[in-house]
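Okay, structure first, notes after.
Just so you know, all these numbers are worked out from the coordinates, no wet-lab data involved. In this text, all values refer to a predicted model and were calculated from it rather than measured experimentally. Quick reminder, even Gly has a Cβ in these numbers, built from the backbone with ideal geometry, and neighbours come from all protein chains shown.
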Amino acid sequence: MQKIFLHNTLTKKKEEFKPIKEGEVGIYSCGPTVYNFVHIGNLRSYIFADTLHRVLAYNGYKVKHVMNITDVDDKTIRDSQAAGISLKDFTDKYTASFFEDLEKININKDEYIFPRATENIQGMVALIKKLLDKGFAYKAEDGSIYFAISKFKDYGKLSGVDFERDSKSRVDNDEYAKEEAHDFALWKAWDEKDGDVFWETELGKGRPGWHIECSVMSSANLGETFDIHTGGIDLIFPHHENEIAQSEAANDKKFVNYWLHNEMLMVDSQKMSKSLNNVYTLQDIINKGFNPMAFRYLCLQTHYKQKQNFTWEALKFAANTIESLVDILVIAKDQSKGKPKGSILKDYQEKFLEKINEDLNLSGALSIIFELLETESAGLISIPDMLETIFDFDKVLGLQIKEFVEKKSMVPEEAKKDAEERKRAKETNNYSKSDELRTKIQKQGVKIIDVQNNNYILSSSTAVFYNPNNDARK
Ligand code: AMP
Ligand code: ZN
């Protein structure tokens, strides 16, 4: 197996990836809190996690990937009540919409496990009990249970936070129910605001805190120590720091070997987030005439550890780039009609692996595709081999290139007949008829490219990645 290097937030270094179990990898990615439609910033995070998944699978690993659905927390309770519907009906709606978005950006739901917080309450109760028994947790007067940060000596190892040193944040916090300002809730005792959302458990009547949900759903599926945990950098503190504290205090074992965090998708230099009210959803993009794959392509162009500024111009540019790539491949495929299927070019595959295994350098990986196009046009490699190699790379990129090439190769029967008639017209030097037929073919949304001996190539001329005529609002 090739070496894979990943930047680990825990050690702040790029490290060679070494799995716990030979040939297998367990990944946990923080998923959505289902109180609203996910926005494209969230999708950047899921596309990053999906690409990591694909890179490991391409390298031959058996990947077990878990992504949680947070379907109970302050926000889901607050907003379901405001909407006047049950928590379950409310979160089901946004969970379904999240799954639809995943499908649209070509994240294969069947390759993931999606545990829901509300289905894992018993595991949370058990972990909290363990923390109480071991003296890492305490019950406050209202019945809520808190994690005592001062008891966990490694607190801060992921984010570098140090409450003694950073005493300012201590003053900012006004939650006096806790012994220490930064202790966080493991279990929230029921109060009126929670309405009918509660579980009667050995810990009392209440509901879990957000952080404990991820500690439990990850380990329930991947074990007490697992390989990789992902999320956006906004989750490093406190969420992931707290996950480490809970899990390591309870289990006396290292929780996660590699922590990977994606940078934020920005709008006008600010993080795209619901609270700043500057979000776009995938539907907004589709409504403007973009195919979701244009967004996936846009994400691949920027390294996951860099901030990415979202603009419509950049999205159009990404759409145009992938459109031209597909157009070139449609022509190439037509030219190689009848030739035997190609095979994957091993030296290019090596180069591709070198890029993706270097902490997911996907823009570098994309450049290998363009290199293949150039090498083919210089006649140094065959079209079938080029196509086969690009389709193989797409297992990692997830851009559905083959499907788009096939789709754009399909033209109406009438245009095909017209093209045959035009060929005959050209053979008999009837140029006015040939011109007339060219116009007729073009009017059917078909591009006709002349090649030697009065032959031709037909392809759909309709842009599929960005087409303002598809603007759903028009
Ligand atoms: P949330 O539903 O807010 O917990 O976010 C779900 C995932 O999306 C987390 O991994 C976040 O870190 C990530 N995320 C949230 N906002 C952005 C953004 N603007 N850019 C990239 N990732 C984000
Ligand atoms: Zn989480």
Spacing of the two label points (7 Å from each Cα toward its C-beta) at residue 12 and residue 251, in nm | 2.6
Residue 193: which aspartates and glutamates have alpha carbons under 15 Å from its alpha carbon, excluding same-chain residues fewer than 8 sequence positions away?
-> 73, 74, 79, 142
Between residue 347 and residue 420, what FRET efficiency comes out of the Förster formula 1/(1 + (r/R0)^6) with R0 = 35 Å and r the beta carbon distance, rounded to 0.05?
-> 0.30
For the table 13/64; 129/188; 188/271; 13/157; 64/109; 75/188, the rows whose alpha-carbon distance is greater than 18 Å are 13/64; 188/271
Those trypsin sites (Lys or Arg not before Pro) from segment 121-169 that are DSSP loop and have at most 14 other Cβ neighbours within 10 Å turn out to be 134, 153, 165
With Rh as the Kirkwood radius over Cα pairs, segment 210-302 has Rg/Rh of 1.09
Which of the peptides 22-28, 65-71, 277-283 is most tightly packed, and how do the rest follow, judged by the mean count of other Cβ atoms within 10 Å per residue?
-> 65-71, 22-28, 277-283
What are the GluC sites (Glu not before Pro) within segment 310-363 that DSSP puts in a loop, where the Cβ has at most 10 other Cβ atoms within 10 Å?
-> none
Would you mind checking the tilt of helix 121-133 against the longest principal axis of the Cα atoms of the chain, expressed as 0 to 90 degrees and rounded to 10?
-> 40
Lys and Arg at +1, Asp and Glu at -1: neighbours of residue 68 with Cβ under 13 Å from its Cβ sum to -4
Can you give me the pair-distance distribution of segment 413-460, C-alpha pairs, 10 Å bins, whole percents?
-> 30, 62, 8
Label zone at residue 284, where the point sits 7 Å out along the Cα-to-Cβ direction: segment 31-54 residues whose backbone N lies under 20 Å = 32-48
Across 20 Å bins from the origin, how do the percents of Cα pairs in the chain run, short distances first?
-> 21, 47, 23, 8, 1
On Cα atoms only, tilt of 241-251 relative to the major axis of the chain in degrees = 60
Sparsely packed GluC sites (Glu not before Pro) within segment 416-474, loop by DSSP, other Cβ within 10 Å at most 12 | none
Restricting to the chain, compute how many DSSP beta bridges are antiparallel as a %, nearest 5.
-> 50
Spherically averaged projected area in nm², based on the convex hull that wraps the Cα atoms of segment 311-406 | 6.5
Show that you can apply the helix-only estimate: for the chain, add -39,500 (n - 2.57) for every DSSP H stretch of four or more residues, divide by all residues, and state [θ] at 222 nm to the nearest 500.
-> -14000 deg cm²/dmol
